[in-house]
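Please read the structure below before turning to the comments.
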Amino acid sequence: MKSGPIILIEDDIDDQKIMEEALGELNVDNRLIWFPNCKAAMHYLQTTEDQPFIIFCDVNLPVQTGIEFKKEIDEDPVLRRKSIPFVFYSTSVDQWVINEAYTNLTIQGFFKKHHNFEEIKNIIRLILDYWKACKHPNTF
C-alpha cells in the first residue's frame, strides 16, 4: 500500500475506534491520523510535508461541515495540486448532500457508514484497494 498516512476527520470517537480496528484487521500499515474537526485537519494539511494516501471525512462535523471543508481544499492551489483522494464516509447520506458533493466538489467517493463491522471492513478494503491500484498525480 502507498505509504502516506490515512486521514480521518470524524467527531465520533466510537467511529474513530472502529476505523482503527478495521484498518488493523485489514493489516493496513499506513498510519491513521485522526482529527475531530475540519479546522485541525486543514491546519495539518497546510503545514505537513506528508503526502497523505487518502482522506476519509464525515459530512456532519462541529465548527465546519465536511462539504465546507472540501470546498476549502478545492480553493487552495497547493492542496489541489497534492491530489489527495477524498472520500466522504458518513451516516448522513441524503440526496442534496450527495448532489452537492459530486457536482460542486472534487470528491472521489461517497459511502454510507454501516453498522455491521464486516460490512465496514469490506467498504474500507474496497476503497483502499482501489486507491492503491489507481494512477493519479501523486503516484508518480
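The values are calculated or read from the model by the stated rules, or taken from the named source; none is laboratory data. Please read these numbers as outputs of a predicted model, since none were measured by experiment. Reconstructed Cβ throughout: ideal geometry from the backbone, glycine too, with neighbour counts over all protein chains shown.
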Any idea which of (1) in a loop (DSSP other than H, G, I, E, B); (2) of a type in the set (S, T, N, Q); (3) over 16 Å from residue 7 (Cα atoms) is the one residue 30 doesn't satisfy? (3)
Do we have residue 113 as closer than 19 Å to residue 23 by Cα, surrounded by 14 or more Cβ atoms within 10 Å (Cβ to Cβ) and more than 12 Å from the chain's Cα centre (by Cα) here? yes
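Yes/no per residue for (1) touching a His at 6+ places or on another chain (Cβ under 6 Å); (2) closer than 20 Å to residue 117 by Cα; (3) crowded, with 17+ Cβ neighbours inside 10 Å; (4) among the basic types (Lys, Arg):
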{"site": "13", "(1), (2), (3), (4)": "no, yes, no, no"}
{"site": "25", "(1), (2), (3), (4)": "no, yes, no, no"}
{"site": "36", "(1), (2), (3), (4)": "no, no, yes, no"}
{"site": "40", "(1), (2), (3), (4)": "no, no, no, no"}
{"site": "44", "(1), (2), (3), (4)": "no, no, no, no"}
{"site": "49", "(1), (2), (3), (4)": "no, no, no, no"}
Any idea which residue in the stretch 87-118 is modelled with the highest pLDDT, counting only those that are of a type in the set (A, V, I, L, M, F, W, C) and touching a Lys or Arg at 6+ places or on another chain (Cβ under 6 Å)? 105
